[in-house]
Amino acid sequence: MESEHRPQPRVAADPRPLVGEPLCLDLLNTRWVVNGARHDLLDTTAGLDVWLRSTGLDDRATAGRAMLDAVVETRDILRALVERRSSPEAAEALNRVLAHGALHPRLGPGGPEHRPRTDEPAWLPSWLAAADYLRLLNDDPGRIKPCAHPDCVLYFHDTTKNGTRRWCSMAVCGNRAKAARHYERSKTTP
């Protein structure tokens with residue numbers, strides 16, 4: 001008997017230069033700049049699907065228009081908060097996102113568990129990102145940092161021992177800064 005060969009759907013790779021940050025910062029990093037060109041992973045539901053897969057949420061959330069709208073709204077709120085931590089409007093907006101869900105305790109096979117639940121499935125990734133932001137604030141808000149490169153719009157969680165990380169990626173932005181400094185020094189040296 002001949003086996004059927006069905007083509008597997010192509011899964012788009014995550015094109016972002018920085019992935020793997022805590023969920024709230026990973027959401028912020030769905031906008032990035034490369035060679036002066038702005039990119040936005042969340043300009044389509046296909047991009048949302050890539051982000052859900054990249055963050056491991058694809059088994060709990062299905063990309064759709066309502067979810068995309070909620071995630072983009074939450075990303076804008078988080079950006080306002082990391083850029084201006086004392087914004088009462090942004091804090092209230094984040095509280096509205098958090099009002100869409102809660103952690104529910106339950107007894108699981110390994111003991112007590114806390115499962116997030118939202119009033120609408122479309123809000124789950126947004127609620128998780130908002131709750132993650134609160135976790136980072138609680139741990140150490142000074143560890144939430146923008147990349148020091150002037151052309152970079154990415155954020156990272158500084159997990160270095162002394163808290164002195166400056167670049168989203170030493171391989172990308174750190175090297176660009178080093179190369180620029182070297183170029184400037186070479187212009188002034190005879």
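Using r as the Cβ-Cβ distance of Arg84 and Asp59, and R0 as 35 Å, what FRET efficiency do you calculate, to the nearest 0.05? Walk me through the numbers before you get to the answer.
Details: r = 35 Å, r/R0 = 0.99.
Once rounded, the FRET efficiency stands at 0.50.
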### Message
Please compute the modelled spin-label separation between Ala99 and Arg166, points set 7 Å along Cα→Cβ, answer in nm with one decimal.
### Response
4.3 nm
#### Entry: Using alpha-carbon coordinates, inclination of helix 124-139 to the longest axis of the chain, degrees
50 degrees
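What FRET efficiency, computed as 1/(1 + (r/R0)^6) with R0 = 22 Å and r the Cβ-Cβ distance, is obtained for Leu137 and Arg38, rounded to the nearest 0.05?
Details: r = 27 Å, r/R0 = 1.25.
With a Förster radius of 22 Å, E is 0.20.
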### Task
Find how many whole Å separate the alpha carbon centroid of the stretch 139-175 from the alpha carbon centroid of the stretch 87-108.
26 Å
#### Entry: Rounded to 10°, Cα long-axis angle of helix 88-98 versus longest principal axis of the chain
40 degrees
### Helix-only CD estimate at 222 nm, as mean residue ellipticity for the chain, using -39500 (n - 2.57) per DSSP H run (n ≥ 4)
-13000 deg cm²/dmol
#### Entry: Directionally averaged shadow of the chain, computed from the convex hull of its alpha-carbon atoms, nm²
18.0 nm²
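Bear in mind that the values in this text are calculations on the coordinates, not laboratory data. Not measured: the values here are computed from a predicted model. Positions of Cβ are generated from backbone atoms using ideal geometry, with glycine treated the same way; all protein chains shown enter the neighbour counts.
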